[in-house]
Number of protein chains: 4
Amino acid sequence: MIKVGLLGAGRIAGVHAMSVTRNPDSSLVAVSDFIPENAEKLASQYGCSARNTDEIIADPNIDAVLIATSTDTHSELIEQSVAAGKAVFCEKPVDLSLERARLCYSNIKAASLPIMIGFNRRFDPNFKALKFALDAGEVGKAELLSITSFDPAPPPLAYIKVSGGLFKDMMIHDFDMVNFLFGGLPKSIMVSASSIIDKKISELGDYDTAVATLKYADGRLVVIKNSRRAAYGYDQRIEILGSKGLLQVQNVVEDDIIKSTEMGVQSSNPEYFFLERYKAAYKKEWAAFVSAVQMKTTVPITLADGISALAMAEAAAVSAKAGSEVELANFL
Amino acid sequence: MIKVGLLGAGRIAGVHAMSVTRNPDSSLVAVSDFIPENAEKLASQYGCSARNTDEIIADPNIDAVLIATSTDTHSELIEQSVAAGKAVFCEKPVDLSLERARLCYSNIKAASLPIMIGFNRRFDPNFKALKFALDAGEVGKAELLSITSFDPAPPPLAYIKVSGGLFKDMMIHDFDMVNFLFGGLPKSIMVSASSIIDKKISELGDYDTAVATLKYADGRLVVIKNSRRAAYGYDQRIEILGSKGLLQVQNVVEDDIIKSTEMGVQSSNPEYFFLERYKAAYKKEWAAFVSAVQMKTTVPITLADGISALAMAEAAAVSAKAGSEVELANFL
Amino acid sequence: MIKVGLLGAGRIAGVHAMSVTRNPDSSLVAVSDFIPENAEKLASQYGCSARNTDEIIADPNIDAVLIATSTDTHSELIEQSVAAGKAVFCEKPVDLSLERARLCYSNIKAASLPIMIGFNRRFDPNFKALKFALDAGEVGKAELLSITSFDPAPPPLAYIKVSGGLFKDMMIHDFDMVNFLFGGLPKSIMVSASSIIDKKISELGDYDTAVATLKYADGRLVVIKNSRRAAYGYDQRIEILGSKGLLQVQNVVEDDIIKSTEMGVQSSNPEYFFLERYKAAYKKEWAAFVSAVQMKTTVPITLADGISALAMAEAAAVSAKAGSEVELANFL
Amino acid sequence: MIKVGLLGAGRIAGVHAMSVTRNPDSSLVAVSDFIPENAEKLASQYGCSARNTDEIIADPNIDAVLIATSTDTHSELIEQSVAAGKAVFCEKPVDLSLERARLCYSNIKAASLPIMIGFNRRFDPNFKALKFALDAGEVGKAELLSITSFDPAPPPLAYIKVSGGLFKDMMIHDFDMVNFLFGGLPKSIMVSASSIIDKKISELGDYDTAVATLKYADGRLVVIKNSRRAAYGYDQRIEILGSKGLLQVQNVVEDDIIKSTEMGVQSSNPEYFFLERYKAAYKKEWAAFVSAVQMKTTVPITLADGISALAMAEAAAVSAKAGSEVELANFL
């Protein structure tokens, strides 16, 4: 049984609190938050104690720290937790600053403790099955990977301000998915981006709609399409063209009912957003972490993986601004 | 917190043990089985005690009895449990003998304790949504209801011998679904049945493939198609033609991946069998029972409902043999 | 080049006039109709002459007679045409009277001229592909065939009066499809029918909604569902459960566009009615007739096939009234 | 009745010969080809005369010239035909040289005769319906357009050598589709391209897989994905994300049969290639030309439209080589 201290008590922390509690091999011991009342509320909901962050990290009784605080605190909390000998599970992204993330990496690499970054989508049953089918050669050699990743609605402008921008906040998931599916990093990236949904997003220097094209050294191409708004729900589709065919992951829908009337044949919307769509994935990523800690095996998504995705996001931002292809090597 | 004693430790009892344990408002206290080792095994898995049936029913500490024994014991166990003042959840069917089930009903009706029959499919999210859409008039007035209900593979002949036959074992689920969706009983039933999958099933006096047509007094028609074998998995579809359109519940599939190759465009099979397909339904039916017991509201599926479905099954068997329509009134 | 005289100038005659004209191996020479103006209108549209029926049948220049008049005239016109040495293509059904149809058969059988009955659905590309897949054993041995056949809207009551009723007018298509797919006649039939769409249909002694169950001597079962109204369009689906899987023909839809909005995911309605849905089938059935006449091969749908379907329709009407299974042998 | 002279007797000329012949308002008078035997063969098939190109253009009896020769002859044949006072229908692309196409334009613009470029896909019923739904505001304001356009198999290397390359031969269709759907030209284009299917294509200086991203002045984005090989057939899908939803055109499939077995649920492949997929479109584009000529209305796809698409193809080739965004204004 792994005893877990949870740092952060916001929305995503709530998701993780449930995963920790429901997993038969982990228990939630304590929660902290920048706003103590939030920590208390979550703690009482899950029957654990609300403490401050330093106490949790210092507690010798706690085996693992789960970092779900604001992104700008991640690197430091990883370092402190590792210094205290804890296994660490940290939400994505590692940091908003690629440099700071790299410093974190070099600061903690000697410790060789399990540190896992929470790219939950790798644990989605559909995407896992996609990876399996791809690796099994079901469509031959991969040539062109396409990711459609649209949120249902843009976040508040206040969030966008601190989010690190579309590439580090949203497309970073897709960058990690590319690395996961293709098992390695692309060579270059080229981005075209707009703020067509809301001009205020543009005033913040950010984009709401973007297309990234990535190229691998062997010629494989990747397209990632992001939009902050899809009126019909969370659109999360992937397709891979290979030498022998096409693999597609369709959206997961709310139910399997079809209604046919004079007005047309109507089926259900995709699951509304990430909490619904990736419910199983959150549960399974936590199980994977617990298993790696207990079995002393490598975690499935390392800090280096988190840094790779962050480097791609930074390269994407540069490409979008410059209007030209950039070599990823310059960011690694 | 409702304390539950589970009678039976077979496959379906295992499903219920998990529902009881995972529900935050119920706890599994004891298990019994005809074969004591089975009870012990299940008990040790869920950390409760293995006892004999009489002890469980007599235990004043136990609030509710969950009956998951062989069908021929149901009526008596319901009567004993009610006599002991317990709330009762009983697996379908109520009994193999319609007469015995009616006797059970008259023996316990004075007690006015909650007795719920486990027609789990009513709690399937898709079928609930279907019922909701129908009642909301989304396709106008219902005219023709069609249920496709195929098992992936026939059970062992040994099971078929004691099952009560296709109508009481398998189609009874569909009869209850008809009553649930249309909110009342049909007037007549007409069945055509075969044993085309396995002649040995015919030698046991049973069928493996059957079509039942039911008619309501107001002219609504229902078709139920049953087969003991669908090589592609558990086929569980429903459609309702109404005056303004058609509602269809499609199969729930294993994943949302499509593979296109020279050989065609391939998507995934339906969930293999009832444990996978109705996973959520089993959990929700138990929650509904717990809620009814705690809130002292009527259980959503009464003993009378169980007897109605059983009467339809008996009428079906008579019709299949006679090759003619039979009035349901003769069986109520 | 086959020279064709068309008897009848109504809606279905118009469909055939186009097939005859567009087929490179047939030409439309003359048209007749009970209402001469109708014949003139159609004749002028296709650049042929309007004559009376007797003249057409007597014309030595005409090779084939296409009978698209009202059903009660079919038998006589077949007999006259055969007596005049013509090849005959006759719309379904052969007759409203099974007895009269049998008399027609015995009257003309000595002539051994090509006589084809227009069960156009056999030539639908989807149903042909279904037949091919079935015969190729793609789903093993057939066990249960289901036909859904709903019209978009009921015909006028005036039409229903002279139609011969649901079974001879509408379900007869499905009976022929059963014989086509299974390559032989069932043993018995059992029908449950209602008039739930329009009570006036009931007052005419007819039904608007019906379910027929057919059984073959070897145990294969068939379900046919008919409704005179499907608000969403012409619903024409077939599925066959076999020992190794399921074959389904889906509806043919108006276009391949999907619209996803907050309101759901909407695709297109089925083609509205038979003229659209079976456009290709009408063309191909005519080509099959022309080819059989030219190549002197057996026509693909014989008068005997037409009589078989009619016998099933008559048996269906008897079963619906009696509420019991009837043996088809009594009607052959 | 428009009398038509057809220049060219290759595969696409054969498609047009059928359209001309089947259209009730046009007739095929003569065919020419670089290889006279080809012209004779096609002429005898359609019952018209085989002549040389100059005779056809000079014939005062001929109203319209249909140019389906090799692309390098298009500009000159347009000029000659216009000089002879003919209406002109010319296959895409206008020319391989943007400069030559522009010269052609300035040479003939005074004549004001109908000149239509054969971008057949604009006449595909699905894409027309897409355009209609988009313009009707069914998904609000367009933001992101995605075109998937994969051929089933690469053409012979001999063809690739003279094709003008992927952008002028294949993606030019998609560029025209962008202009058609959005009713105007994008501002910039950015391309990433590979030859991953066949290295010999790379040796010819061409690509077999490419992703183009186009940006409009108002921020709308477009992604075009091209591959010379899709083992499962001709993949022709379009989707448009708008402020209120998503419009998708799915592939047109070979039939509507679904086969479910132990191995999965299998539906049919897309139509194999352009002759099958765009059969109706070829017929309708010709009808549109005939109608414009007869009604003296503007042709739906002008020479200027053809030049716009060609300019986009040229810009795409420059971008792919340079690895940077290029402004389309530099190519207009």
Legend entry - region B:253-298: number of residues that are away from chain A (no Cβ under 13 Å), open to solvent by 40 Å² or more (accessible area, probe 1.4 Å) and farther than 22 Å from residue B:4 by Cα: 2
Inset, instruction - Within region D:273-303, work out how many residues are out of contact with any Phe, Trp or Tyr (no Cβ under 7 Å at 6 or more places or on another chain) and hydrophobic (A, V, I, L, M, F, W, C). - result: 8
Inset, instruction - Starting from region C:53-77, take each residue that is in contact (Cβ under 8 Å) with a residue 60 or more places away in the chain and list its partners that are in a helix (DSSP H, G or I) and not aliphatic (A, V, I, L, M), counting only C-beta distances under 7 angstrom and pairs at least six apart or across chains. - result: C:65/C:81; C:66/C:16; C:67/C:74; C:68/C:16
Inset, instruction - Please enumerate the residues belonging to region B:134-163 that are in a helix (DSSP H, G or I) and of a type in the set (Ser, Thr, Tyr). - result: B:159
Legend entry - Tally, over region C:321-330, of residues that are open to solvent by less than 50 Å² (accessible area, probe 1.4 Å) and among the charged types (D, E, K, R): 0
Legend entry - Subset of region B:236-247 (residues that are more than 7 Å from chain A (Cβ to nearest Cβ) and either assigned to a strand (DSSP E or B) or surrounded by 19 or more Cβ atoms within 10 Å (Cβ to Cβ) (or both)): B:236, B:237, B:238, B:239, B:240, B:241, B:242
Legend entry - Residues satisfying the stated conditions in region A:187-217, i.e. in contact with a Phe, Trp or Tyr (Cβ under 8 Å, 6 or more places away or on another chain), under 19 Å from residue D:221 (Cβ atoms) and surrounded by fewer than 24 Cβ atoms within 10 Å (Cβ to Cβ): A:194, A:195, A:201
Legend entry - Test: residue in region B:257-274 that is in a helix (DSSP H, G or I), touching a residue at least 24 places away in the same chain (Cβ under 8 Å) and under 18 Å from the mean Cα position of the chain (by Cα): yes
Inset, instruction - Of all residues in region B:196-210, count the ones that are out of contact with any Lys or Arg (no Cβ under 9 Å at 6 or more places or on another chain) and within 10 Å of another protein chain (Cβ to nearest Cβ). - result: 2
Legend entry - Test set (1) in contact with a Ser or Thr (Cβ under 9 Å, 6 or more places away or on another chain); (2) open to solvent by 30 Å² or more (accessible area, probe 1.4 Å) - residue D:226 fails condition number: (2)
Legend entry - Sole exception among (1) within 14 Å of chain A (Cβ to nearest Cβ); (2) closer than 26 Å to residue B:137 by Cα; (3) within 23 Å of the chain's Cα centre (by Cα); (4) open to solvent by less than 40 Å² (accessible area, probe 1.4 Å) for residue B:250, by number: (4)
Inset, instruction - For residue D:61, state whether it is surrounded by fewer than 17 Cβ atoms within 10 Å (Cβ to Cβ) and within 26 Å of residue D:100 (Cα to Cα). - result: no
Legend entry - Search result, residues across region A:85-133 that are away from chain B (no Cβ under 14 Å), more than 18 Å from residue A:310 (Cα to Cα) and not in a helix (DSSP H, G or I): A:85, A:86, A:87, A:88, A:112, A:113, A:114
Legend entry - Odd one out for residue D:184, checked against (1) of a type outside the set (Asp, Glu); (2) more than 9 Å from chain A (Cβ to nearest Cβ); (3) surrounded by 19 or more Cβ atoms within 10 Å (Cβ to Cβ): (3)
Inset, instruction - Give the residue, chosen from A:142, A:153, A:136, that is over 23 Å from residue A:91 (Cβ atoms), open to solvent by 10 Å² or more (accessible area, probe 1.4 Å) and either in contact with an Asp or Glu (Cβ under 7 Å, 6 or more places away or on another chain) or within 13 Å of chain D (Cβ to nearest Cβ) (or both). - result: A:142
Inset, instruction - Could you list all residues from region B:20-56 that are buried (at least 23 other Cβ atoms within 10 Å of the Cβ), touching a Phe, Trp or Tyr at 6+ places or on another chain (Cβ under 6 Å) and in a helix (DSSP H, G or I)? - result: none
Inset, instruction - Go over the candidates D:211, D:178, D:223, D:139 one by one and state the one that is under 22 Å from residue A:226 (Cβ atoms) and free of Cβ contacts under 8 Å to residues at least 40 places away in the same chain. - result: D:211
Legend entry - Residue check for residue A:128: closer than 22 Å to residue A:182 by Cα and among the charged types (D, E, K, R): yes
Inset, instruction - Quickly run through region C:275-330 and pick out the residues that are in a helix (DSSP H, G or I) and among the polar types (S, T, N, Q). - result: C:291, C:294, C:308, C:319, C:330
Inset, instruction - Output the residue which, of all residues in region C:299-320 that are touching a Ser or Thr at 6+ places or on another chain (Cβ under 9 Å), open to solvent by less than 10 Å² (accessible area, probe 1.4 Å) and of a type in the set (A, V, I, L, M), is nearest to residue C:174 (Cα to Cα). - result: C:310
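The values are calculated or read from the model by the stated rules, or taken from the named source; none is laboratory data. These figures come from a predicted structure and were not determined experimentally. Cβ atoms come from the backbone with ideal geometry, glycine included; neighbour counts cover every protein chain shown. Ligands, DNA and RNA are excluded from the accessible area calculation, which covers all protein heavy atoms including side chains. Shrake-Rupley method; radii C 1.70, N 1.55, O 1.52, S 1.80 Å.
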